[in-house]
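Heads up: the structure comes next, in structure tokens.
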Amino acid sequence: MTISSAPLAGIRIADFTIHAAGPFCTHLLSQLGAECIKIESSTRPDAFRKPHAVYGRMTAATFDQVSANKLSIRLNLKKPEAIALAKRLVSISDIAAESFRPGVIKRLGLDFDALREVKRDIVMLSLSSCGQTGPDSSFAGYAPLFGAWGGLGAMSGYSDGPPVEMRHVMDHSAGLHAALATLAALNQRRRTGQAQYVDLAAREVASAMIGDALVVASQGLAPERPGNADPGMAPHGVYASAQPDRWLTLAVRNDAEWAALLQVLGVSDDDPRFRSMQGRIQHRAALDAQVQTWLATRDADQTAEQLQRAGVCAHVSWNMEDIASDPHLRERETVVPVSGPGIPERLAVGAPAKFSHTQDVGIRRLTPALGQDEDYVFGELLQLSSTQRRDLEAREVIC
């Protein structure tokens, strides 16, 4: 039997989030079927609607990667009447989500206590750099700060190099954690009927990814940046091939796989340092140099295929062109075309999870133009007349 509706069908989100981390959270929920109404204004549109030279995009940056599926309305939240309309929208919603700097949403009059007055069982999410409480709560931040302050950057990069700046992986990791926490709050509301406030700190998400290093540090030791190494496997890393910028990722788990690797590469096991896993780990630097010499003259794709057939974990480190043209991802609708007003068609990442009895999951709507869904939201949901709407637009409440 096929269930026609998606898992979160019937759930409505009033989405005040901006930039990437918060919008990615609500984007994930929208792909699971929630109706997500994004609230912006022409005076303060989401920054991702704008060109972003940092990423080399002179059209809208990554807005369609986190906002396809969503509905869009305009509300100038500097106006008291716009705040009142926002509260009316929240009163018929299940979730309110925001990702402003701590304190902003309270100054607007849209904090948890205020929203609970209009919707007694509201689930509210606040996603920020350091959380809503504590001595660092006032700090604003973007993805590179999350990874740096959370310690993940210090554990990433070459072992003899500087920390690596973590960008979108931090936004999306924080958004994913926020989506999970929001679903947990929804489930608790279903059981108890009570409102719930979810306070998620992106910086703490980064720290949650380095638990083993924190354990080492708590013992008074200095954790080492591992680079591409693994404590229990060698060789383990990414190696250059004969083709420019075509890298082979390799992980050898035991002596049998080491023997299979040597057979595929057509080399002999004549170095006693490498004949056991313990020896290969102990002499990792020399091993990596030797493996790199062997692979430097080989075709990465062909070698990966040969190693896989021999039972060795290997694959080319794919670039975006590989992802975009992959028939497997296309067939599973993990990579799907999206477009929007003024935005040429391009690819976005769809829902990576598939449901056995539900087909209506993933990206179902194109990227919205600013305010394109106001007839439905203001007219049908909030029951504003056309005269009322024209008056609100004239006074820049809706703008």
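Taken over the stretch 343-367, residues that are over 15 Å from residue 65 (Cα atoms) and surrounded by fewer than 17 Cβ atoms within 10 Å (Cβ to Cβ) amount to 8. Reported count of residues in the stretch 276-323, each being hydroxyl-bearing (Ser, Thr, Tyr) and within 32 Å of the chain's Cα centre (by Cα), is 2.
Among the numbered conditions (1) free of Cβ contacts under 8 Å to residues at least 60 places away in the same chain; (2) crowded, with 16+ Cβ neighbours inside 10 Å; (3) in contact with a strand residue (DSSP E or B) (Cβ under 8 Å, 6 or more places away or on another chain), the only one that residue 274 does not meet is (3).
The condition of being at pLDDT 90 or above, surrounded by fewer than 17 Cβ atoms within 10 Å (Cβ to Cβ) and either under 23 Å from residue 173 (Cβ atoms) or not charged (D, E, K, R) (or both) holds for only one of 211, 266, that being 266.
Those helices (runs of 4 or more DSSP H) of the stretch 95-201 in which 2 or more residues are β-branched (Val, Ile, Thr) and surrounded by fewer than 22 Cβ atoms within 10 Å (Cβ to Cβ) occupy 168-192.
When the criteria are applied in full, residue 100 meets the requirement of being in contact (Cβ under 8 Å) with a residue 40 or more places away in the chain, aromatic (Phe, Trp, Tyr) and under 20 Å from residue 63 (Cα atoms). Among the residues of the stretch 230-241, not a single one is of a type in the set (Asp, Glu), out of contact with any Leu (no Cβ under 7 Å at 6 or more places or on another chain) and without any contact (Cβ under 8 Å) to a residue 12 or more places away in the chain.
If you go through the stretch 1-46 and keep only what is crowded, with 24+ Cβ neighbours inside 10 Å, outside any helix (DSSP H, G or I) and of a type in the set (Ser, Thr, Tyr), you end up with just 17.
The values are calculated or read from the model by the stated rules, or taken from the named source; none is laboratory data. Because the structure is a prediction, the values reported are computed rather than measured. FYI the Cβ positions are ideal-geometry reconstructions off the backbone, even for glycines, and counts take in every protein chain you see.
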